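Enquirer: Structure in structure tokens, see below.
Throughout, read-outs are computed from the coordinates displayed, never taken from laboratory work. The structure displayed is predicted, hence computed values, not measured ones. Every residue, glycine among them, receives a Cβ derived from its backbone with ideal geometry; neighbour counts consider all protein chains shown.
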Amino acid sequence: MLSRIDGALIWLNKFVLGVLMLIMTVLVFANVVLRYVVGDSLSWVEEVTRYMMIWAAYLGAGLALRNGSHVAVELVQDALPTPAMHAVRFCVAVAILVFLGFVSWYGFAYSSVTMMQSSAVLNLPLGMVYLAVPVGCVLSMLHLLLGFRNYVTRRFDAAETAEAIGEAPAMVATEAR
């Protein structure tokens, strides 16, 4: 049952990110075409796509954490014996959870305070933009909790990390030499 929830969370997260990226691409492309063909552009597109990019970054952070795609210095922990490496990674995972908990708590507080402020062009509540931070942190916490055992026990190698970020494995093999 838990693996179904985990799979559904990953699928939904990727789907929402894909929709956000598709909408941003279409809006920016249309605005560029309008600017150079018609000589005028839509003033609201830049603001909307900026806010969508913020949401995409925070919604994608949990997936990146799950795949080991965030920047990390793992030289020391990888050099440790396996039980010690697992203990260090357990402590790191708990520290990440605590940090994400603090950021989400204060992020919700900050976004509720800024709900009365409006954006420049569309007059959207800025709290809706700032809400991306705590929502993304809670989502990252869910990804980490659902993949906690894998996070603690798994060693990420260069090929896995390259695959997670979309690089060709041949490039990693060349760079590793």
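Enquirer: At 222 nm, what helix-only mean residue ellipticity would the chain give, in deg cm²/dmol to the nearest 500, using -39500 (n - 2.57) for each DSSP H run of four or more?
Expert: Value at 222 nm, helices only: -25000 deg cm²/dmol.
Enquirer: Convert 20 °C to kelvin, take the viscosity as 1.002 mPa s, use the Kirkwood radius over C-alpha pairs of the chain as Rh, and evaluate the Stokes-Einstein diffusion coefficient in µm²/s, rounded to a whole number.
Expert: 114 µm²/s
Enquirer: Using modelled backbone amide H atoms (1.01 Å from N, in-plane), which distant-in-sequence or interchain residues come within less than 5 Å of S118's amide H?
Expert: L126
Enquirer: Here's a follow-up. For the stretch 2-176, build the charge dipole from Cβ charges (+1 Lys, Arg; -1 Asp, Glu) around the Cα centre, then report which of C137, V48, Y36 sits farthest towards its positive end.
Expert: C137
Enquirer: Could you point to the residue in P83, N123, G107 farthest towards the positive end of the stretch 15-164's charge dipole, with +1 and -1 charges on the Cβ of Lys/Arg and Asp/Glu respectively?
Expert: P83
Enquirer: Which one of G62, G147, G136 has the biggest mean-square fluctuation once the chain is modelled by GNM with Cα springs under 10 Å?
Expert: G147
Enquirer: Among Y36, Y51, Y106, which one shows the biggest mean-square fluctuation in a GNM of the chain, springs joining Cα atoms closer than 10 Å?
Expert: Residue with maximal mean-square fluctuation among Y36, Y51, Y106: Y36.
Enquirer: To continue, here is another question. ³J(HN,Hα) across the stretch 111-121 via Karplus (A = 6.51, B = -1.76, C = 1.60, θ = phi - 60°), whole Hz, x for Gly/Pro?
Expert: Once rounded to whole Hz, the list reads 5, 5, 5, 8, 5, 7, 8, 10, 6, 5, 9.
Enquirer: Using the Karplus curve 6.51 cos²θ - 1.76 cosθ + 1.60 with θ = phi - 60°, what ³J(HN,Hα) values do you get for each residue of the stretch 125-142, in whole Hz, with x for Gly and Pro?
Expert: Once θ is set to phi - 60°, the couplings for the stretch 125-142 become x, 5, x, 5, 6, 5, 5, 4, 5, x, 5, x, 5, 5, 5, 5, 4, 4 Hz.
Enquirer: For H143, H70, what ranking results if the residue with the fewest other Cβ atoms within 10 Å of its Cβ goes first?
Expert: In order of increasing Cβ crowding within 10 Å: H70, H143.
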